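Engineer: Got a structure for you, written out below as structure tokens; questions coming shortly.
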Protein chains: 2
Amino acid sequence: MKNVIVGQSGGPTAVINSSIAGVYLAAKELGSDHIYGMVHGIEGFLKGEYIDLKEVLDDEKVELLKRTPSAYLGSCRYKLPKFDDAKDVYENIFAKLDELDIEYFFYIGGNDSMDTIKMLSDYAKENNKSQRFIGIPKTIDNDLPITDHCPGYGSAAKYIAASLKEVIRDNASFGVEKPTVCIVEIMGRHAGWLTAAAALAKGDDCEGADAIYLPEDTFDLDEFKDRVKKLAATKSSVVIAVSEGVATADGKFVCELGADNLAVDAFGHKQLSGCASTLADIIHNETGLKTRAIEYSTLQRAATHIASLTDIEEAVAVGKKAVEAADAGETGLMVTINREAGSEYKTSFGLYDIHDIANVEKKVPASMIDSANKQLTQEFIDYARPLIMGELTPIYTNGLPTHLIRK
Amino acid sequence: MKNVIVGQSGGPTAVINSSIAGVYLAAKELGSDHIYGMVHGIEGFLKGEYIDLKEVLDDEKVELLKRTPSAYLGSCRYKLPKFDDAKDVYENIFAKLDELDIEYFFYIGGNDSMDTIKMLSDYAKENNKSQRFIGIPKTIDNDLPITDHCPGYGSAAKYIAASLKEVIRDNASFGVEKPTVCIVEIMGRHAGWLTAAAALAKGDDCEGADAIYLPEDTFDLDEFKDRVKKLAATKSSVVIAVSEGVATADGKFVCELGADNLAVDAFGHKQLSGCASTLADIIHNETGLKTRAIEYSTLQRAATHIASLTDIEEAVAVGKKAVEAADAGETGLMVTINREAGSEYKTSFGLYDIHDIANVEKKVPASMIDSANKQLTQEFIDYARPLIMGELTPIYTNGLPTHLIRK
């Protein structure tokens, strides 16, 4: 028997589906009769929406799954209520688990999703339920505590650095004309891990970003303007990476800076630009310099075509580790990636109490940030570089990477 | 002897450097003593800025060059003046060519750049100059006449379709929640070739864009709103591709629609959003639907990491053809790509009078546009699909595609 169920939750990533592959492969190895997948996470499961992965996957499709962005099973943003507030929700979930003879429950997600594992494992303990609950880390934001890093981050970081190299080349093409200032906006409202990945672009064949602004540092508009003006005075191409989450000392996001006195448009609505576009406008209007704003938007979390092989392999491995842990009798834990000491990149996989992880946010430590020069330190490069290494070549059909979709 | 010079002009593309590789390889074969490269096109050359490609390239570097986005030599946007207005400019250019014993002059670019070849070849004829001038087509916009298509287009089209598949997967992840409308803005102010490439995303593993708006059709805001509302009533994910150049019947760009009554912001400036962002705001404000605007920006012309091999090979071939043409005594022509009849994709390379090409713009023909359904017809798919076929795997260093840069 040993039926299992796996679900995905929170923002999609380029490699979240590789953890489904890991759960599927390990559970098949274990001899599970059914390997269920919740459709749209716990929210869909509550409505009875699930599929049996054994009916839809085979070795070839697992290879496609590892090359498919976003959430193959569908995601959700659903926070379980407190026990006393909604007993029926928990009874509903456990009745369904019992009905399907599900013994192990796996949930792939970030901080919020780990709360689901915490609530369900706590409920099971209090109510003498036999099911085991293990969390599988996943977030491009890389902001889960305890684990060295999160699956999904390496691939997003690889996309950000690779695209930034291309943007830097593009922006440098018109050297004869007056300087062009290009501002690239990268995801991460509170933690700057993704924006920090811009620092990986620098190398023998790339001058790198001229400045990198993380949300961990307070944003000072005057400092920013001064820096850009100085850069533009000596360089024909200026490229700056900013986190969508940069905020001024009074706690205002930069994208809100321009909005205060913004009157309504022809349709009677306020128009709010992104932070790169706000900063590009400010620089252009003050200096007359040609500016361009680029927002990586969902491209950075969906670009499986240039995913990191290291990331994909680790995403598969944490899925497998979760199944092994449940089968060893564990519950109420999240799988962690532990980096071994030494200059060579080596990892092992561990487990940690979900209560210390759910709803906690890990930011970029000060030792990795060169605040004065708006760059990252070597410590960050040493930390992040191994995570973007390797590629898994897409399988092309009609000139485009092939994906696996639910029919 | 047979010294040659090559320059790049206009907007950068993912494969413009492959045409430099083509010129270099053919000229080396020809036994040229010097293969010069103008730094920043004719504008830089006028200031005496050039390098000798024989001193900086070798076989290994040619492979990197083919994998390097933007303009390796640097680009410019410089329109040669009329003969009578600036005799000194022409005398300066030809004196430099004579001084360097340059016999063949190649210029890689789009409509505007071909004007340079026209002016210089005309001047040479009128003034009995021996130099020969051949244009090499390059533009992601694909709007040059006569030639079946332009190097640069296939790679941009491949990036657009591949990214759109990823965006569509990403946008579909939250099916349980209310519909998300994602509007993707693609380059092309007057010709819709790039936006049309969104149609290539559709296939067995992708539902494709729900609507594609080209600048060739007049944009009707009411039709757009009705269509989005109808789509959102039946689908949980709506993805729409729009050209940056879509304009209403009175000739206004959509990005200007919201700006009329837009008052100044906190800094005293008007903020102008892009067209996708304007449309996303309009839909959100009218319907309350969750919307997202994505602008591919320069990513679509710089993404050499997923360039089309067909495109790269053709870009090399048009460079070689230009050298052969000049060596055969031709001048005042542009190289064209001619598609042979039949269902199999086969091309040959021709030459055409530059006077019929310079400053002429080719739009997407009506037969390729399904205006009623806001889609492209099979004729377009059959035209564009072969152009995105094949890949040239990047050479990775430290986890990122390696480029060749001028030191």
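The values are calculated or read from the model by the stated rules, or taken from the named source; none is laboratory data. Note that the structure is predicted; figures quoted are calculated from it, not measured. Don't worry about glycine lacking a Cβ; one is built from the backbone with ideal geometry, like all the others, and counts go over all protein chains shown. Surface areas here come from the heavy atoms of the whole protein model, side chains and all, with no ligands, DNA or RNA. Shrake-Rupley method; radii C 1.70, N 1.55, O 1.52, S 1.80 Å.
Engineer: For segment A:374-387, what are the residues that are free of Cβ contacts under 8 Å to residues at least 12 places away in the same chain and either in a loop (DSSP other than H, G, I, E, B) or over 24 Å from A:Phe224 (Cα atoms) (or both)?
Structural biologist: In the first step, residues of segment A:374-387 are kept if they are free of Cβ contacts under 8 Å to residues at least 12 places away in the same chain; the result is A:377-378, A:382.
Across segment A:374-387, the qualifying residues are A:Thr377, A:Asp382.
Engineer: Pairs under 6 Å by beta carbon, first residue open to solvent by 50 Å² or more (accessible area, probe 1.4 Å) in segment A:352-372, partner outside any strand (DSSP E or B) and aliphatic (A, V, I, L, M), six or more apart or different chains?
Structural biologist: Final answer for the pair search is A:Tyr352/A:Ile146; A:Lys363/A:Ala191.
Engineer: Which members of segment A:32-45 meet the condition of being within 13 Å of chain B (Cβ to nearest Cβ) and either without any contact (Cβ under 8 Å) to a residue 12 or more places away in the chain or open to solvent by 30 Å² or more (accessible area, probe 1.4 Å) (or both)?
Structural biologist: Of everything in segment A:32-45, just one residue is within 13 Å of chain B (Cβ to nearest Cβ) and either without any contact (Cβ under 8 Å) to a residue 12 or more places away in the chain or open to solvent by 30 Å² or more (accessible area, probe 1.4 Å) (or both), namely A:Glu43.
Engineer: Given the condition of a type in the set (A, V, I, L, M), surrounded by 15 or more Cβ atoms within 10 Å (Cβ to Cβ) and at pLDDT 95 or above, answer yes or no: does some residue in segment B:7-17 qualify? Give the steps one after another, and end with the answer.
Structural biologist: Keep residues of segment B:7-17 that are of a type in the set (A, V, I, L, M), which gives B:14-16.
Retained after the next criterion (residues that are surrounded by 15 or more Cβ atoms within 10 Å (Cβ to Cβ)): B:14-16.
Still in the list and also at pLDDT 95 or above: none.
Scanning segment B:7-17, I find no residue that is of a type in the set (A, V, I, L, M), surrounded by 15 or more Cβ atoms within 10 Å (Cβ to Cβ) and at pLDDT 95 or above, so the answer is no.
Engineer: Quick test for you: out of B:Ser277, B:Ser273, B:Ser297, pick the one residue that is crowded, with 18+ Cβ neighbours inside 10 Å, modelled with pLDDT under 80 and within 11 Å of another protein chain (Cβ to nearest Cβ).
Structural biologist: Residue meeting the stated conditions: B:Ser273.
Engineer: Also, I was wondering about something else. Anything in segment A:55-69 that is touching a helix residue (DSSP H, G or I) at 6+ places or on another chain (Cβ under 7 Å) and closer than 19 Å to A:Ile5 by Cα? List them, or say none.
Structural biologist: Within segment A:55-69, A:Leu57, A:Val62, A:Leu65, A:Lys66 qualify.
Engineer: When B:Leu200 is evaluated against the numbered criteria (1) assigned to a loop (DSSP other than H, G, I, E, B); (2) within 11 Å of chain A (Cβ to nearest Cβ), which criterion, by number, is the only one it fails?
Structural biologist: Going through (1) assigned to a loop (DSSP other than H, G, I, E, B); (2) within 11 Å of chain A (Cβ to nearest Cβ) one by one, B:Leu200 breaks only (1).
Engineer: Do we find that B:Ala27 is buried (at least 24 other Cβ atoms within 10 Å of the Cβ), under 23 Å from B:Leu299 (Cβ atoms) and either at pLDDT 95 or above or of a type outside the set (Val, Ile, Thr) (or both) in this structure? Can you show your working first?
Structural biologist: Numbers: buried (at least 24 other Cβ atoms within 10 Å of the Cβ): yes; under 23 Å from B:Leu299 (Cβ atoms): no; either at pLDDT 95 or above or of a type outside the set (Val, Ile, Thr) (or both): yes.
Answer is no for this residue.
Engineer: Check off (1) assigned to a loop (DSSP other than H, G, I, E, B); (2) open to solvent by 20 Å² or more (accessible area, probe 1.4 Å); (3) at pLDDT 95 or above for A:Lys407 and give me the number that stays unchecked.
Structural biologist: In the conditions (1) assigned to a loop (DSSP other than H, G, I, E, B); (2) open to solvent by 20 Å² or more (accessible area, probe 1.4 Å); (3) at pLDDT 95 or above, A:Lys407 misses (3) alone.
Engineer: Look through A:Lys118, A:Lys61 and report the one residue that is assigned to a helix (DSSP H, G or I), within 14 Å of another protein chain (Cβ to nearest Cβ) and of a type in the set (Lys, Arg).
Structural biologist: Working: A:Lys118 fails: within 14 Å of another protein chain (Cβ to nearest Cβ).
Of the residues listed, the single one that is assigned to a helix (DSSP H, G or I), within 14 Å of another protein chain (Cβ to nearest Cβ) and of a type in the set (Lys, Arg) is A:Lys61.
Engineer: In contact with a Cys (Cβ under 6 Å, 6 or more places away or on another chain), within 14 Å of chain B (Cβ to nearest Cβ), in a loop (DSSP other than H, G, I, E, B) and open to solvent by 10 Å² or more (accessible area, probe 1.4 Å) - does that describe any residue in segment A:47-58?
Structural biologist: Within segment A:47-58, not a single residue is in contact with a Cys (Cβ under 6 Å, 6 or more places away or on another chain), within 14 Å of chain B (Cβ to nearest Cβ), in a loop (DSSP other than H, G, I, E, B) and open to solvent by 10 Å² or more (accessible area, probe 1.4 Å).
Engineer: Applying the selection to segment B:282-294, what residues are surrounded by fewer than 22 Cβ atoms within 10 Å (Cβ to Cβ), within 10 Å of chain A (Cβ to nearest Cβ) and assigned to a helix (DSSP H, G or I)?
Structural biologist: Scanning segment B:282-294 gives B:His284, B:Asn285, B:Glu286.
Engineer: Look at segment A:298-313 and say how many of its residues are out of contact with any Asp or Glu (no Cβ under 6 Å at 6 or more places or on another chain), part of a helix (DSSP H, G or I) and of a type in the set (A, V, I, L, M).
Structural biologist: Of the residues in that region, 3 qualify.
Engineer: Could you list, in sequence order, the residues of segment B:394-404 that are open to solvent by 30 Å² or more (accessible area, probe 1.4 Å) and part of a loop (DSSP other than H, G, I, E, B)?
Structural biologist: Answer for segment B:394-404, where residues must be open to solvent by 30 Å² or more (accessible area, probe 1.4 Å) and part of a loop (DSSP other than H, G, I, E, B): B:Ile395, B:Asn398.
Engineer: Let me ask something additional. Quick test for you: out of A:Ala303, A:Ala326, pick the one residue that is surrounded by 23 or more Cβ atoms within 10 Å (Cβ to Cβ), touching a Pro at 6+ places or on another chain (Cβ under 9 Å) and not hydroxyl-bearing (Ser, Thr, Tyr).
Structural biologist: When all the criteria are applied, what remains is A:Ala303.
Engineer: Quick check on my filter: what residues within segment A:147-187 are open to solvent by 10 Å² or more (accessible area, probe 1.4 Å) and part of a loop (DSSP other than H, G, I, E, B)?
Structural biologist: A:Asp148, A:Ala172, A:Phe174, A:Gly175, A:Val176, A:Glu177, A:Lys178, A:Pro179, A:Met187
Engineer: Sticking with this structure for a sec: Tally time: how many residues in segment A:376-393 are surrounded by fewer than 20 Cβ atoms within 10 Å (Cβ to Cβ) and either away from chain B (no Cβ under 14 Å) or more than 20 Å from the chain's Cα centre (by Cα) (or both)?
Structural biologist: Residues flagged as surrounded by fewer than 20 Cβ atoms within 10 Å (Cβ to Cβ) and either away from chain B (no Cβ under 14 Å) or more than 20 Å from the chain's Cα centre (by Cα) (or both) within segment A:376-393 amount to 4.
Engineer: Hey, could you check segment B:242-260 for residues that are within 11 Å of B:Leu279 (Cβ to Cβ) and not in a loop (DSSP other than H, G, I, E, B) and say which is modelled with the lowest pLDDT?
Structural biologist: Only one residue tops the list, namely B:Cys255.
Engineer: Follow-up. Looking only at residues that are within 30 Å of A:Val238 (Cα to Cα) and in contact with a Leu (Cβ under 9 Å, 6 or more places away or on another chain) in segment A:306-335, which one is farthest from the other protein chains (Cβ to nearest Cβ)?
Structural biologist: Result: A:Ala307.
Engineer: Just wondering, is there one or more residues in segment B:222-232 that are assigned to a strand (DSSP E or B) and in contact (Cβ under 8 Å) with a residue 60 or more places away in the chain?
Structural biologist: no
Engineer: Within segment B:121-146, can you find the residues that are open to solvent by 10 Å² or more (accessible area, probe 1.4 Å) and assigned to a helix (DSSP H, G or I)?
Structural biologist: B:Asp122, B:Tyr123, B:Lys125, B:Glu126 - these are the residues of segment B:121-146 that are open to solvent by 10 Å² or more (accessible area, probe 1.4 Å) and assigned to a helix (DSSP H, G or I).
Engineer: Under 8 Å by Cβ, and 6 or more places apart or on different chains, what pairs join a residue from segment B:151-168 that is within 7 Å of chain A (Cβ to nearest Cβ) with one that is among the acidic types (Asp, Glu)?
Structural biologist: Correct list of pairs: B:Lys158/B:Asp311; B:Lys165/B:Asp205.
Engineer: Right, another one. Does B:Val176 count as on the phi < 0 side of the Ramachandran plot and at pLDDT 95 or above? Can you show your working first?
Structural biologist: Numbers: on the phi < 0 side of the Ramachandran plot: yes; at pLDDT 95 or above: no.
Answer is no for this residue.
Engineer: Please go through (1) among the hydroxyl-bearing types (Ser, Thr, Tyr); (2) within 24 Å of A:Phe349 (Cβ to Cβ); (3) open to solvent by 30 Å² or more (accessible area, probe 1.4 Å) for A:Tyr78 and return the number of the only condition it doesn't satisfy.
Structural biologist: Of the numbered conditions (1) among the hydroxyl-bearing types (Ser, Thr, Tyr); (2) within 24 Å of A:Phe349 (Cβ to Cβ); (3) open to solvent by 30 Å² or more (accessible area, probe 1.4 Å), the odd one out for A:Tyr78 is (2).
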